[in-house]
1. For segment 253-280, give me each residue that is within 12 Å of residue 178 (Cα to Cα) and modelled with pLDDT under 80.
2. With 440, 361 as the choices, which residue is under 30 Å from residue 520 (Cα atoms), assigned to a strand (DSSP E or B) and not aromatic (Phe, Trp, Tyr)?
3. If you scan segment 449-488, which residues turn out to be more than 27 Å from residue 528 (Cβ to Cβ) and in a strand (DSSP E or B)?
4. So for segment 395-414 (the condition being touching a Gly at 6+ places or on another chain (Cβ under 6 Å), in a helix (DSSP H, G or I) and crowded, with 23+ Cβ neighbours inside 10 Å), does at least one residue qualify?
5. Kindly indicate the residue of segment 327-360 that is within 33 Å of the chain's Cα centre (by Cα) and open to solvent by 80 Å² or more (accessible area, probe 1.4 Å) and also modelled with the lowest pLDDT among those meeting that condition.
6. Quick check on segment 495-538: of everything there that is among the basic types (Lys, Arg) and either part of a helix (DSSP H, G or I) or within 18 Å of residue 548 (Cα to Cα) (or both), which residue is most open to solvent (accessible area, probe 1.4 Å)?
Amino acid sequence: MPRLEIVDGPEKGKVFAIQREETVIGRVAYCDVVLAQKNISRQHARVVRSGTDFFLEDMDSTNGTFLNGKRVRARTRLRDHDLIRVYDVTLLFRELVEAEEARRETAGGDGGESSSGMTTETLSPAVAPTEDLRRNVGVNAYDKLRTVLQINRTLGSSLNIDLVLPKILDSLITVFPQTDRAYILFPDEQTGELRVRAEKRKDEGTLITSSLGPISQTIANRVLSCGEAILNADGLDDNQFQVSDSVLDFPIRSMMCAPLIGPMQKPLGIIYVDTNDPYERFHEDDLEVLLSLAATAGQAVEYARSHETQLRMDRRQRELATAKQVQLHFLPQSRPQVGGYRFFEFYNSAEEVGGDLYGYLTLPDGRLAITLGDVSGKGITAALIMARLCSEVRYRLVSAATPWEAVHDLNNEFSRPENEAWFVTFVLCVLDAQRHEVMLVNAGHMAPILRRFTTGEVVEVGDELAGPPLGCEAGTRYEPFRLHLDPGDALLMYTDGINEAMDPHRTVYGSRQVRKTLQAGPKPIDELCLHLLADVKRFTENQPQNDDICLVGIQRE
């Protein structure tokens, strides 16, 4: 009579006779085969009789049903000695002949009733499941399956590959006790050369090394590039595999090599075992076990790599967020309080950190210095230069004899040979609030824009005296440009994130549109600047910024 035997798990040795057309395996009492573990579904799987054949079906269980190590996704034919795994319980399917039943009865097996009303019996030691399997399925087949299941649980217990890989090799030695060497190798991300990540030698134990060891480079590359497994049961053939001299130094009698393939179906590395024992060579069924293990290990490797990549991204995001907070501390925390004048500023980097800067500094003679600059490039490098420039500007403005001498000194500092890979466009505006006079020094930046209150005229000022950007040419002498501010006049300075903003068709906003928008804008400085920023946003149709934006405005009340 057909039956199911529990060969691994709680109630090991319990037997369930298959007497119905449909035998349900599950957790609840009304199932035909009751397995009480909480991780088994209420109705987990079923065995269906169709004529003289039997089939296994999964009943949409949470943790899946496995037949001989493979997940059951459709009705699958059962054969004698098939192993069914339901979570951590393994059942052996038997189609018993009458002679075997008679032998069991002669051996004195007592029958009983299970919780489901089905016949159970205690197997005598002579026919214990492990011995039965070894006799009928093949030497060590049951132990191999148990070890593969154990390795699967090990792989699911950690996302740290360096902890998991040695355990895999330890388990391989258990499955294949004749193994003399076992390796897991991954290609180097830079060179592509295979590197050993875990190694197990019968005489030396587990260790980590960077060398390839006694493995044919030809075999390893073939397995990795083609994604195919190789079995050689009669020793390595120099003509077949082009084995290197280093391999021939080792009396390898038999070897297996399989690819580690992840969910993306791309070989990630290889797993290799060999033996020197001429009487215990590897066979086709051994390669099947190795392939099953390699597939599971490949998935674990890919998941672990994804996890490590996500951790690096999260860490980088945290670092960039911290860098942004540090960078913002270099910028003014409040607007200056100057009688008769109003100010506006706006700063927004294209990335987490940027290379634009602005600042306010009261000079020793009481005048107010307003600075605005744009470091070439974006990102971390530009942000570091921006931080250095902020400090240099403050120091030079306080220590130099005149503001324009401070710009000379800045240029000489940033023109040093070690700084020649980048430059800074920079504009200095010194406001004398008593005389209502502004002095401009321009180092390669867009000309500031003056809007007259009475006439509405909008003009670029000081461009004729502008010099090259800081860091381009040492010894450059910068000349100041002076202008007078009448009541209501506004002066704006901005970086190229505004005039070089692009719409979805990659049309540039342009300096002409900047002037046109300012001419049509409201009178108060804060409303005027916000009007310009809103028009740029409208123009780009909310496309991501392609450069940092900085805008500073001054207006005489």
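The values are calculated or read from the model by the stated rules, or taken from the named source; none is laboratory data. Computed from a prediction, not measured in an experiment: that's the story for all the values here. In this analysis, Cβ positions are derived from the backbone assuming ideal geometry, glycine residues included, and neighbour counts consider all displayed protein chains. Calculation scope for accessible area: heavy atoms of the full protein, side chains included, ligands and nucleic acids excluded. Shrake-Rupley method; radii C 1.70, N 1.55, O 1.52, S 1.80 Å.
1. Across segment 253-280, the qualifying residues are 253, 277, 278, 279, 280.
2. After ruling out the rest, the residue left standing is 440.
3. If the condition is that a residue be more than 27 Å from residue 528 (Cβ to Cβ) and in a strand (DSSP E or B), then 467, 470 are the ones that fit.
4. Yes - at least one qualifying residue is present in segment 395-414.
5. 329
6. 512
Residue-by-condition table, conditions (1) aliphatic (A, V, I, L, M); (2) in contact with a Gly (Cβ under 9 Å, 6 or more places away or on another chain); (3) farther than 30 Å from residue 417 by Cα; (4) without any contact (Cβ under 8 Å) to a residue 40 or more places away in the chain:
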{"site": "451", "(1), (2), (3), (4)": "no, yes, yes, no"}
{"site": "466", "(1), (2), (3), (4)": "yes, yes, no, yes"}
{"site": "480", "(1), (2), (3), (4)": "no, yes, no, no"}
{"site": "492", "(1), (2), (3), (4)": "yes, yes, yes, no"}
{"site": "506", "(1), (2), (3), (4)": "no, no, yes, yes"}
{"site": "510", "(1), (2), (3), (4)": "no, no, yes, yes"}
{"site": "525", "(1), (2), (3), (4)": "yes, yes, yes, no"}
{"site": "529", "(1), (2), (3), (4)": "no, yes, yes, no"}
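Rundown of residues vs (1) open to solvent by 70 Å² or more (accessible area, probe 1.4 Å); (2) under 27 Å from residue 409 (Cβ atoms), yes/no style:
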position: 444; (1), (2): no, yes
position: 451; (1), (2): no, no
position: 454; (1), (2): yes, no
position: 457; (1), (2): yes, no
position: 469; (1), (2): no, yes
position: 488; (1), (2): no, no
position: 493; (1), (2): no, yes
